[in-house]
Structure formats: C-alpha cells, structure tokens
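Below you'll find the structure, written out as structure tokens, and then a few comments.
Rule-based calculations on the coordinates, nothing more; no lab input. Treat the numbers as computed from the prediction; the structure is a model and nothing was measured. Note: ideal-geometry Cβ built from the backbone for every residue, glycine included; neighbour counts use all protein chains shown.
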Amino acid sequence: MKAIEIYTDGGCRGNGRSKDNVGGIGGILIYKGYRKEYKKGFVNTTNNRMELLAVITGLEMLKEPCNVTLYSDSAYVVNAFNQHWIENWAEKGWKKGKNNPLKNAELWKKLFELTKIHNVSFNKVKGHADNENNNRADELVNLAMDEISKTE
C-alpha cells in the first residue's frame with residue numbers, strides 16, 4: 001500500500017452561534033514529495049464539523065487503500081480514534097451514554113467507514129505552532145472562509 005501523509009484543519013468564524021457564520025476546511029496530501037492541497041468553505045456550521053470534514057475529504061481523495069499518517073490539531077478527532085471513543089459510540093448506536101445522541105453522528109460514521117478502507121494512524125499536532133504543514137492547512141481554512149464570505 002502507498003504511504004500517504006495528510007495534514008488537515010478545520011475552523012469556523014462564529015462557530016454555530018449565528019446562522020451567518022462561515023467555516024472552512026483545508027488539507028495537504030503528501031506522497032513521495034508530491035503535494036496536493038484542498039480547501040472548501042461552508043456556511044452555518046461548527047468548528048467540530050469542519051475538523052471532521054477536513055479529515056473525511058482528505059481520505060476520500062485517495063483512489064485506493066493506503067497507509068495514512070494523518071496529522072490534525074483537533075484533539076477531539078485524534079482522541080476519538082486513539083482513545084477508542086469511536087468504537088464505543090458505534091457499539092452504542094452512535095450515542096454517548098445511554099440516550100444522548102452523538103453530535104455529527106453522520107460524519108463520525110463516514111469517517112469510521114473510511115478508516116476501514118485505509119490504515120490510518122491519527123497524530124495530534126499543536127495548532128498555530130511551528131509545524132509548517134499544519135500552518136499551511138490553517139491558511140487554507142482561512143482562505144476558504146474568506147472566499148465563502150465574499151459570496152454570501
């Protein structure tokens with residue numbers, strides 16, 4: 001299997017507090033020195049949705065099963081896999097606890113399915129620090145939010 005690195009980020013200005021907020025995703029796929037960047041803006045969303053969609057989008061871009069080293073500054077996304085929360089949510093019918101629905105369950109389900117296609121290792125990076133690729137993913141998020149703001 002091909003070894004791919006993916007750096008992802010998501011963000012939201014307003015973070016669900018108003019219906020006119022904007023969010024964005026950004027990411028970089030790296031394979032043997034080749035880089036492919038992606039970004040997209042969204043309206044009326046949340047930061048967590050954007051973090052999830054950034055990862056999903058990167059994995060969906062892969063044309064065949066791959067070994068993926070994924071980097072994200074979202075502790076929520078990384079911990080869901082590294083601390084096995086995702087398996088517990090799946091076993092409980094995508095609920096937290098007995099009757100509490102899991103927010104963004106449709107995105108978690110999609111991401112969980114993608115990790116069955118690809119061998120993904122999730123790695124936490126510090127946001128807004130000295131990681132060049134994470135900083136670039138953050139720039140892509142902001143560009144996407146700027147672009148969607150101009151169209152709204």
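Would you mind checking the pairs Lys19/Lys124; Lys2/Lys63; Lys126/Lys150; Lys40/Lys110 and listing those with alpha carbons more than 22 angstrom apart?
Among Lys19/Lys124; Lys2/Lys63; Lys126/Lys150; Lys40/Lys110, the Cα-Cα distance tops 22 Å for Lys19/Lys124; Lys126/Lys150.
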Using a Förster radius of 30 Å, what is the FRET efficiency between Glu139 and Asn44 based on their Cβ-Cβ separation? Nearest 0.05, please. 0.85
Indicate, rounded to the nearest 5 percent, the antiparallel portion of the DSSP beta bridges found entirely in segment 31-152. 35 percent
Residues Leu52, Leu29 in order from fewest to most other beta-carbon atoms within 10 Å are Leu29, Leu52
Check cross-link reach from Lys98 to the lysines: straight Cα distance under 19 Å, and skip same-chain residues fewer than eight apart. Lys109
Return the label of the correct value of percent of Cα pairs over 26 Å apart, as calculated from the structure shown, out of (1) 15; (2) 24; (3) 41. (2)
Likely footprinting exposure, Arg35, Arg49, Arg13, fewest C-beta neighbours within 10 Å first: Arg35, Arg13, Arg49
Can you tell me the dipole magnitude for the chain around its Cα centre, using point charges on the Cβ only (Lys, Arg +1; Asp, Glu -1), in Debye to the nearest 20? 480 debye
Net charge over other residues, Cβ less than 10 angstrom from the Cβ of Ile25 (K, R count +1; D, E count -1): +1
Among Ile6, Ile86, Ile30, which comes first, second and so on when ranked by fewest other beta-carbon atoms within 10 Å? Ile30, Ile86, Ile6
